[in-house]
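Below is one structure, written out as structure tokens; the observations come after it.
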Amino acid sequence: MSRLAGSAPAREDARPLATAVDSAFQFFGVLAPDGTVRDANATALAFERVTLEEVLGRPFWDTPWWSDDATREWLRGAVADAARGTLVRAEVEHASPDGRRIVVDFSLKPLRDDAGRVRALLAEGRDISERKRLEEALRGSEQRAAFLARASEVLSESLDREITFQRLAALIVPAVATFCIIDIVDEAGAVRRLQVVHERPEMRDVARRLTEYPRDQQHSYLTSEAIAHGRASFAARVEDAFLASIAVDEEHLTILRALAPASYIVAPLVARGRTLGAVAFCRDAAAPPYGEADLAMATDFANRAALALDNARLYEQSVRATRARDDMLGVVSHDLRNPISAIAMCASSLLEGRHADPARPAYLLRLIRDSAELSRRLIQDLLDVTALEAGRLGLECRPVDPLLIVAQAAELSSTMADEHGVALALDLPDHLPHVDADPERLLQALGNLLVNALKFTPKGGRVTLRGASDGARVTLAVSDTGPGIPTEDVPFVFDRFWHARRTAKVRGTGLGLAIVKGIVEAHGGRVRVEPEPGGGSRFSIELRVARSGV
């Protein structure tokens, strides 16, 4: 719609107002009751780059001031209403010759003669685009402020991370986004897509497919830059070529096109110098595109969300630390009390010096030695677990031949195997690639697996050490012919202080497998447990092949 102008003449054949209003910011025009143009001020003519001769005598709605059929039709009706004596007023949008969209405060006022008859119509227009822009900006600013205030309130209500993540998505959609994506960085440093939430129910299945779609961590994805560099960014317009650039394959691209993001903001979740993940705000074509003000709002929101998530993380750590302390006190009070009591009783018996059996002192000394060794092992396990929990487990990694580590572990466990009447077998290739590892810690991990297997393998059974490689990783496995692990217990076998319900010949500290997991993960590897065909269990350690390629 255009800026209109008009002057109301005192006589129909003259322009007495033209001189007065030609330089005015408002636009004036004078129409006959049937809507034909009688006059217009210079501002109105200059705005549309037309001359007065080009518009005189033409129907008002059929002049260059108006650019679309809907507006022309509306003006035809407005002229008819004004000719009947009705004041017409409305805000009308218009495309100017330079391509701008402007808003005009437009009115049609009937001009009457002394008899009350409508003799002319005064068309007046005033460009209020800037005022509307400021009003919209103020309204947007108020909405953003209200959104951030609500976010602070909601995010501070819970210290549960899962609940916080759920509330995070509920805050964003649909208030400031058509759909949102939340990616998090887990404890191992891998990026995991936690949620994709869409405002429309019919699109939620598509959103779920994006969540479940396999992630290639080496491939660029929407939040990758924000997570890698900790910087927020936005795009007011999303091209299909961009979607193609972040799609892993055709199926992935189909999902992205179905979601149809037309504009997006990506803000990293950074708290206390640590990147926790990133959140992507996405709008479709039906919503206005994001701008700089929205980017500032999203960054502020992400900072508040990250702080809430980090507080939840710290709270969980404190809960775990308290639980670990209580567990440790329980272990110390129970498991350490037994060997200390045994040492005290044996020492008292030796001090009395009256033993009918001459072999009794030697037996008591062996009990003292075994109890002291159990105490030492328990204390060392507790120290190792504490170091793992605090991230202070020192590793001196270098290329190591895993076959040598296996041979050492087998040699150290051979005495225990003989005492338990269990066969210890090796099933190894002639060569395995070297691995990047701390040899002492790797030996400790493998030794713990062997001790665990020997504890639960009955007399006459077998424990087998195996090794294999796929070229990128080396797998060392310990299999036993014991009773196996119940399926419901498998998720907990690497937890601290967990004891199997199956019968063990030697009671342990409940820390051995937790230490194995901590050592292997500190090497960037993985430890797994699975049932063996026919009974028993198989524990395996997977480590990366050394980069030196030895």
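The values are calculated or read from the model by the stated rules, or taken from the named source; none is laboratory data. On a predicted model such as this, the values are computed, not experimentally measured, just so you know. Positions of Cβ are generated from backbone atoms using ideal geometry, with glycine treated the same way; all protein chains shown enter the neighbour counts. When the accessible area is computed, the model is the full protein with side chains, heavy atoms only, and any ligands, DNA or RNA have been set aside. Shrake-Rupley method; radii C 1.70, N 1.55, O 1.52, S 1.80 Å.
Here are a few things to note about the model shown:
- Counting all C-alpha pairs of region 174-284, share separated by more than 25 Å (%): 14 percent
- In the chain, taking the dipole from charged Cβ atoms about the Cα centre, the farthest positive-side position among TRP66, SER413, ALA169 is held by SER413.
- Semi-axes of the equivalent ellipsoid for region 222-269, Cα gyration tensor, largest first, Å: 20, 13, 8
- Space enclosed by the convex hull of the alpha-carbon atoms of the chain, per residue, Å³: 212 Å³
- When each of the peptides 308-315, 468-475 is scored by the mean number of other C-beta atoms lying within 10 Å of its residues, the order from highest to lowest reads 308-315, 468-475.
- Where Rh is the Kirkwood radius over Cα pairs, Rg/Rh for region 370-430: 1.07
- For the chain, the carbon plus sulfur part of the accessible surface works out to 53%, probe radius 1.4 Å.
- Interatomic Cα distance distribution for region 36-192, bins of 5 angstrom, percent: 2, 7, 11, 14, 12, 8, 7, 6, 6, 7, 6, 5, 4, 3, 2, 1, 0, 0
- Scattering profile of region 396-481 at q = 0.13, 0.17, 0.25, 0.26 Å⁻¹ [log10 I(q)/I(0), Debye over alpha-carbon scatterers]: -0.40, -0.66, -1.21, -1.28
- Computed over the chain, relative contact order equals 8 percent, with contacts defined as Cα pairs under 8 Å that lie 6+ residues apart.
- For region 419-460, the percent of C-alpha pairs falling in each 10 Å distance bin, counted from 0 to the bin holding the largest distance, reads 22, 42, 29, 7.
- Helix-only CD estimate at 222 nm, as mean residue ellipticity for the chain, using -39500 (n - 2.57) per DSSP H run (n ≥ 4): -14000 deg cm²/dmol
- Computed over region 224-335, the convex hull of the alpha-carbon atoms projects to a mean area of 10.3 nm².
- Over region 346-463, the fraction of Cα-Cα pairs per 10 Å bin, rounded to whole percents and listed from the shortest bin up, is 11, 28, 30, 20, 8, 3, 0.
- 1.4 Å probe accessible area per residue over the chain, in Å²: 51 Å²
- Here the simple spin-label model places points 7 Å from the Cα toward Cβ, and for ARG528 and GLU73 these points are separated by 6.6 nm.
- For the chain, share of DSSP beta bridges that run antiparallel, in % to the nearest 5: 95 percent
- Listed residues SER479, SER245 arranged by accessible area, highest first, probe 1.4 Å: SER245, SER479
- Each peptide in 171-177, 196-202 gets a packing score, the mean of other Cβ atoms within 10 Å over its residues, and the list from highest to lowest is 171-177, 196-202.
- Ranked by the mean number of other Cβ atoms within 10 Å per residue, highest first, peptides 516-523, 443-450, 354-361 order as 443-450, 516-523, 354-361.
- The Rg/Rh ratio for region 31-108 is 0.94, where Rg is the radius of gyration of the alpha carbons and Rh is the Kirkwood radius.
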